[in-house]
Amino acid sequence: MKPSHLFKCLLVLLSFSVRSFAQSDSLAAMKPEKIITKHSIKIDNKSISYTATVGTLILKNEKDEPVASFGYTAYTKDGETDMGKRPITFSYNGGPGSSSIWLHMGVMGPRRVVVNDPSPNGPAPYKLEDNNYSILDISDIVMMDPVGTGLSRAVGKAKNSDFWGVDEDIKSVSQFIRNYVNDNERWNSPKYLLGESYGTFRSAGVADYLQENIGISVNGIILVSNVLDIRQLAFNPGDDLPFIVNFPTYAATSWFHNKIPNKPTNLDAFLKEVRAFSFGDYAQALMKGDQLGADEKEKVLNKLAAYSGLNKEYWSKANLRVNEPQFAQELLRSTGLTVGRLDSRYKGITQDKLAEYAFYDPQSADISPAFTAAFMSYYTTELKVSKDKNYNTGAYSFPDFKWNWKHPRGYGFFGDAAPPNTTPDLLNAMSSNPKMKVLVLNGIYDLATPFAGTEYTFDHMNLDPKIKENITMKYYEAGHMMYIHNESAVKFKKDVADFITGAIKPF
């Protein structure tokens with residue numbers, strides 16, 4: 001055989017071996033995986049033995065072709081024999097594009113990272129402790145990581161981007177829940193959804209999709225730092241609603257940082273007064289636009305300054321309209337500090353003293369290293385996940401990450417020209433399943449998803465009065481991730497536990 005022929009044969013063999021390796025690797029990704037470990041914990045002084053399962057489930061399309069390997073971490077209490085009485089809670093964060101590490105290591109899982117809320121945390125080492133605030137004593141827990149996060153990946157001919165959209169995400173998350181319920185024989189278990197931030201937006205759609213397309217009616221939904229109508233966060237030109245619903249959180253933030261003249265001692269009473277102004281005189285003034293009279297404008301300016309901690313001249317220059325990043329930058333400008341978006345109790349150094357908008361979030365910058373380090377250490381040591389597994393804390397590192405915001409369920413007369421909204425999904429889910437309960441947890445100092453916006457949403461859902469009784473609102477003197485505040489974590493556990501145990505009582 002000539003050398004040239006031998007070289008060609010070697011190339012063919014090498015090419016075949018590379019293809020075979022790639023195909024076997026791809027086939028491996030199309031098989032579900034499980035890593036199981038046994039543990040115990042004390043919650044409220046009661047010892048609980050439990051099983052932790054880190055795994056993946058395979059999602060398939062309508063042609064029965066594998067399209068995604070969906071990752072999760074499940075915690076199930078040992079010794080339970082009647083799964084018809086044992087609740088299961090499916091939990092996830094938001095983003096969109098975030099993994100579930102925040103809820104996982106903040107309040108839901110059996111282990112919790114300790115942070116110095118709201119004081120600075122700094123670099124490692126960080127402390128990990130048993131989580132007395134976990135709901136594992138009253139419900140099994142499945143922490144879910146949407147495609148592109150955690151261990152979740154597109155497989156086969158699919159791409160991660162196929163799952164990055166409002167409806168695409170609702171469908172894949174619902175399919176995972178169906179597969180998990182089926183594989184683990186949990187069809188007759190009471191089922192709950194617990195999502196945070198965009199996860200609340202997702203939950204409204206998932207509850208509806210599960211019921212309409214899969215035949216699963218959930219017992220309850222826990223909305224943590226809720227937003228169902230993206231319009232409230234957009235500050236689009238000509239739309240005054242965001243300014244109205246954000247203002248009470250501005251006032252709460254100013255109250256916390258002692259920027260309110262003659263600061264009231266009772267925060268609840270103060271915010272009740274601010275709400276009345278925001279949805280009353282302030283809303284009416286904004287709606288009048290250029291027709292607002294000078295005397296009325298002067299009165300509103302005085303109130304805005306008194307409640308917000310920003311001076312009257314600033315409000316006048318802003319034409320009564322200050323958006324969230326402007327407020328975060330301006331409130332403590334004289335001290336060279338910026339307040340947090342996710343939690344406005346936090347404050348950080350302002351690098352550009354002339355900037356109009358806050359360009360970073362002091363809360364996120366402070367706690368993210370602690371959560372990431374604690375989770376990755378816990379994942380590979382206590383849960384025994386191989387260190388060669390690539391866990392993505394978020395999908396944002398993918399160059400092609402872009403969210404498709406189209407959601408026909410929320411369309412008006414002009415299609416997707418309107419901001420996305422899953423309020424109609426929740427309305428349909430609650431109307432079709434009138435026994436489903438909803439618990440809404442609001443952080444008073446949350447500038448990312450303002451509590452007054454949530455109140456506005458539920459006040460405008462046009463729910464049947466009897467169904468509206470199924471909604472419970474709770475408030476915390478903390479921010480978006482209220483559970484990192486120890487006093488709020490205690491309340492979080494009680495509120496969620498009471499909701500789940502109460503929601504499964506016979507009607």
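The values are calculated or read from the model by the stated rules, or taken from the named source; none is laboratory data. The model shown is predicted, which means the values in this text are computed figures rather than measured ones. All Cβ positions, glycine included, derive from the backbone under ideal geometry; neighbour counts span all protein chains shown.
Go through segment 111-149 and give me each residue that's surrounded by fewer than 22 Cβ atoms within 10 Å (Cβ to Cβ), polar (S, T, N, Q) and either touching a residue at least 60 places away in the same chain (Cβ under 8 Å) or farther than 18 Å from ALA478 by Cβ (or both).
Hits for segment 111-149 are ASN121, ASN132.
Given ASN226, ASN213, which one is at pLDDT 95 or above, under 20 Å from MET430 (Cβ atoms) and either of a type in the set (D, E, K, R) or over 19 Å from the mean Cα position of the chain (by Cα) (or both)?
Within the list ASN226, ASN213, the selection yields ASN213.
Do we have any residue at all in segment 246-262 that's in contact with a Leu (Cβ under 7 Å, 6 or more places away or on another chain), closer than 18 Å to GLY453 by Cα and among the β-branched types (Val, Ile, Thr)?
Scanning segment 246-262, I find at least one residue that is in contact with a Leu (Cβ under 7 Å, 6 or more places away or on another chain), closer than 18 Å to GLY453 by Cα and among the β-branched types (Val, Ile, Thr), so the answer is yes.
Does at least one position in segment 158-181 carry a residue that is surrounded by 21 or more Cβ atoms within 10 Å (Cβ to Cβ) and assigned to a strand (DSSP E or B)?
Scanning segment 158-181 turns up no residue that is surrounded by 21 or more Cβ atoms within 10 Å (Cβ to Cβ) and assigned to a strand (DSSP E or B).
From the list LEU331, LEU301, LEU337, LEU320, pick out the single residue that is touching a residue at least 40 places away in the same chain (Cβ under 8 Å), surrounded by fewer than 20 Cβ atoms within 10 Å (Cβ to Cβ) and within 27 Å of ALA358 (Cα to Cα).
On inspection, the qualifying residue turns out to be LEU320.
So is GLY94 in contact (Cβ under 8 Å) with a residue 40 or more places away in the chain and either at positive phi or touching a Gly at 6+ places or on another chain (Cβ under 9 Å) (or both) or not?
The answer is yes for GLY94.
Quickly run through segment 383-422 and pick out the residues that are outside any loop (DSSP other than H, G, I, E, B) and loosely packed, with under 15 Cβ neighbours inside 10 Å.
Selection gives PRO408, GLY412, GLY415.
So MET108 fits all but one of (1) over 24 Å from ARG202 (Cα atoms); (2) crowded, with 23+ Cβ neighbours inside 10 Å; (3) of a type in the set (A, V, I, L, M); what number is the exception?
Here MET108 meets the rest and fails (1).
So, in segment 288-298, how many residues would count as being surrounded by 12 or more Cβ atoms within 10 Å (Cβ to Cβ) and of a type in the set (A, V, I, L, M, F, W, C)?
1
Can you pull out the residues in segment 268-287 that are farther than 18 Å from PHE243 by Cα and exposed (fewer than 15 other Cβ atoms within 10 Å of the Cβ)?
Of all residues in segment 268-287, those farther than 18 Å from PHE243 by Cα come to 268-270.
Scanning segment 268-287 gives ASP268, ALA269.
Can you tell me which of GLY95, GLY71 is in the same structural domain as ALA373 (by TED's automatic domain parsing), closer than 16 Å to GLY394 by Cβ and not in a loop (DSSP other than H, G, I, E, B)?
On the way: GLY95 fails: not in a loop (DSSP other than H, G, I, E, B).
Selected residue: GLY71, the only one of GLY95, GLY71 that is in the same structural domain as ALA373 (by TED's automatic domain parsing), closer than 16 Å to GLY394 by Cβ and not in a loop (DSSP other than H, G, I, E, B).
Can we say GLY165 is farther than 28 Å from ILE48 by Cβ, among the small types (Gly, Ala, Ser) and out of contact with any helix residue (DSSP H, G or I) (no Cβ under 8 Å at 6 or more places or on another chain)?
Considered against the rule, which asks whether it is farther than 28 Å from ILE48 by Cβ, among the small types (Gly, Ala, Ser) and out of contact with any helix residue (DSSP H, G or I) (no Cβ under 8 Å at 6 or more places or on another chain), GLY165 comes out as yes.
Restricting segment 235-267 to residues that are without any contact (Cβ under 8 Å) to a residue 12 or more places away in the chain and either within 25 Å of the chain's Cα centre (by Cα) or closer than 25 Å to TYR357 by Cα (or both), which is surrounded by the most Cβ atoms within 10 Å (Cβ to Cβ)? If you could, list the steps in order and put the result at the bottom.
So the first thing to find is which residues in segment 235-267 are without any contact (Cβ under 8 Å) to a residue 12 or more places away in the chain, and the list is 237-239, 258, 262-266.
Among the residues that remain, those that are also either within 25 Å of the chain's Cα centre (by Cα) or closer than 25 Å to TYR357 by Cα (or both) are: 237-239, 258.
Working: PRO237: 5, GLY238: 5, ASP239: 13, ASN258: 8.
Looking at the filtered set, the residue picked out is ASP239.
Out of all the residues in segment 342-363, is one or more farther than 13 Å from VAL113 by Cβ, outside any loop (DSSP other than H, G, I, E, B), modelled with pLDDT of 95 or more and hydrophobic (A, V, I, L, M, F, W, C)?
Within segment 342-363, one or more residues are farther than 13 Å from VAL113 by Cβ, outside any loop (DSSP other than H, G, I, E, B), modelled with pLDDT of 95 or more and hydrophobic (A, V, I, L, M, F, W, C).
Quick one: which residue in ASP446, ASP495, ASP425 is in a loop (DSSP other than H, G, I, E, B) and within 21 Å of the chain's Cα centre (by Cα)? Working first, answer last.
Details: ASP495 fails: in a loop (DSSP other than H, G, I, E, B); ASP425 fails: in a loop (DSSP other than H, G, I, E, B).
So the residue among ASP446, ASP495, ASP425 that is in a loop (DSSP other than H, G, I, E, B) and within 21 Å of the chain's Cα centre (by Cα) is ASP446.
Quick one: is ASP464 at negative phi and under 22 Å from the mean Cα position of the chain (by Cα)?
For ASP464, the condition - at negative phi and under 22 Å from the mean Cα position of the chain (by Cα) - is not met.
Suppose we filter SER278, SER254 for residues that are in contact with a Pro (Cβ under 8 Å, 6 or more places away or on another chain), modelled with pLDDT of 95 or more and not basic (Lys, Arg); which single one remains?
Being in contact with a Pro (Cβ under 8 Å, 6 or more places away or on another chain), modelled with pLDDT of 95 or more and not basic (Lys, Arg) holds for just one of SER278, SER254, which is SER278.
What single numbered condition from (1) of a type outside the set (S, T, N, Q); (2) in contact with a Lys or Arg (Cβ under 6 Å, 6 or more places away or on another chain); (3) closer than 22 Å to SER139 by Cα fails to hold for ASP183?
Tallying (1) of a type outside the set (S, T, N, Q); (2) in contact with a Lys or Arg (Cβ under 6 Å, 6 or more places away or on another chain); (3) closer than 22 Å to SER139 by Cα, ASP183 fails exactly one: (2).
Looking at (1) in contact with a helix residue (DSSP H, G or I) (Cβ under 8 Å, 6 or more places away or on another chain); (2) small (Gly, Ala, Ser); (3) farther than 16 Å from ASP446 by Cα; (4) not assigned by TED's automatic domain parsing to the domain that holds ARG153, which is the one condition that is false for SER344?
(3)
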